[in-house]
Structure formats: C-alpha cells, structure tokens
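Nothing in this text is a laboratory measurement; each read-out follows from the coordinates by a stated rule. Keep in mind the model is a prediction, meaning the values are calculated, not measured. Cβ sites come from the backbone with ideal geometry, for glycine too, and all protein chains shown count toward neighbours.
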C-alpha cells in the first residue's frame, strides 16, 4: 500500500502586532505634543 | 460598513481633539489588517513589527500636526502609509543587501572571527616562549642569522652585510639553525602547534 506522506499543515500564524508595540505607540502618542507658535508647529516628546 | 467608516472618522476627530483613547480603539480595530498586509509583503515578523510601528508613528504625527485631511478614509490612508514604508524597506535593502542566514548557505561558514580567543592566545604565547628557549640553545652564529631573519625581518643580503659573511654562509647557517631546532623539538617532544 502506498504510503501517504502528508505535509504538516502550516501553523495558524497569529498575525497581530505584539502588545509591546501597541503599548509603545499609545505611550508615544501620549508623550507627543504639538506646540503652536505664530503659525509654526513644534513637536515635543514629553517623557 | 458605512457605519464603521463613520465611526473611524469620528474616532479620528476625537483623537485630534485630544482623546487618546480613540487612538487605542483605532489601533485595536485595524491592527490585524494592517499587520497582515505588511507581513504579506515582507514575510518577516520583526520587520513587520518595525514597519507597523513606523506606520503608526507617522499616523500619530500627522494627526497631531493637523495635517490629516482624508476624512472617512482612515484605513486606506494608513494602508498607503504602510505600503510606502514597505517600499522604502525594500529600497533600503536593495542598496544594502543582507544575508538573512535562513537558507542553506550560511554566511558564517565562510566568515570566521580571525582574532584569537583567550585560550588560543595563551597557547600562542606559550608556543612563542618555547620557540625562544629553543633558539637560545643554538650556536651563536646560527642564532644570530635566525634572529635577524625571523625577528628583524632582514634579507639574507642584509644579514651577510651585517655579519660580514657571504650570502651562502648565511643561508647555510639558517638551514642548520632550522635543522637543529627540529632536532631539539623532536628529542624533547615539544608540541609547537596552536
């Protein structure tokens, strides 16, 4: 009888960013503030 | 579908007005699609993570600076940023090709660290010390030629001029010096390999 070689089904990859990445982005957003001064915009990272 | 688009637009305007939580909802809502999109292009988790992060850094900065003007088209806009960053990534990599070391060919099988590790440098020191001791055993004329040739890197012509003997004599002394050293090494079973 013929042997049936089955290939492993590829793992269902969890395609999501890491929690650290998301939390970094949220913290970055909180830290970034834009200062308006005479029609000029300054970015400031307040950490 | 329409409802969600309106919600996105609302969240974006809430975020611009200072509601940080709106961003968290937006990321949560779209992270999987954006991440999968990037992964489908680069096939590398770490690079995907980097590009995903850069994409949202760009999104955050644009929104905070008030430069966003595509109301109701938040996701396509983010996707376009991600797409551009993926292109940037490939452009950068084509300028600086990298070996990812994932295939059959491993770059590390060709490259090696030529500097000696601690053990090897101790052995090298020991070997050099032994060689010096053997040289000390040689007759003076042979020792002189060998030292000039090996340690002072002089040519046989220079050696003959310095010692006042012919080149052939200097060559002969060198030859006997080596023969005698080999004899001593053999007799005393000295191992001079690193």
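Only Cα pairs under 8 Å and at least 6 apart count here; give the relative contact order of chain B as a rounded whole percent. The normalised contact order for chain B reaches 16 percent. How far is helix B:2-16 tilted, in degrees, relative to the longest principal axis of the Cα atoms in chain B, given as a value from 0 to 90 rounded to the nearest 10? With rounding to tens, the tilt is 70 degrees. Rounded to the nearest 10 degrees, the angle from helix B:167-187 to the longest Cα principal axis of chain B is 80 degrees. Here the label points at residue B:32 and residue B:132, each 7 Å from Cα along the C-beta direction, are separated by 7.1 nm in the simple model.
Sorting the Cα pairs of segment B:118-187 by distance into bins of 10 Å, from 0 upward, gives 21, 45, 26, 8, 1 percent per bin. Taking every residue in A:23-32 and counting other chain Cβ atoms within 10 Å of its Cβ, the average works out to 5.
The C-alpha atoms of chain B define a longest principal axis, and helix B:74-95 lies at about 20 degrees to it. Inter-chain Cβ neighbour count for B:48-59, averaged per residue, equals 3 (cutoff 10 Å, partner chain atoms only).
With an a/c value of 1.5 or above and a/b larger than b/c for the gyration tensor axes a ≥ b ≥ c computed over the alpha-carbon atoms, chain B is described as prolate. Here the extension length gained between residue B:45 and residue B:21 equals 6.0 nm, from 0.36 nm per residue of separation less the Cα-Cα distance.
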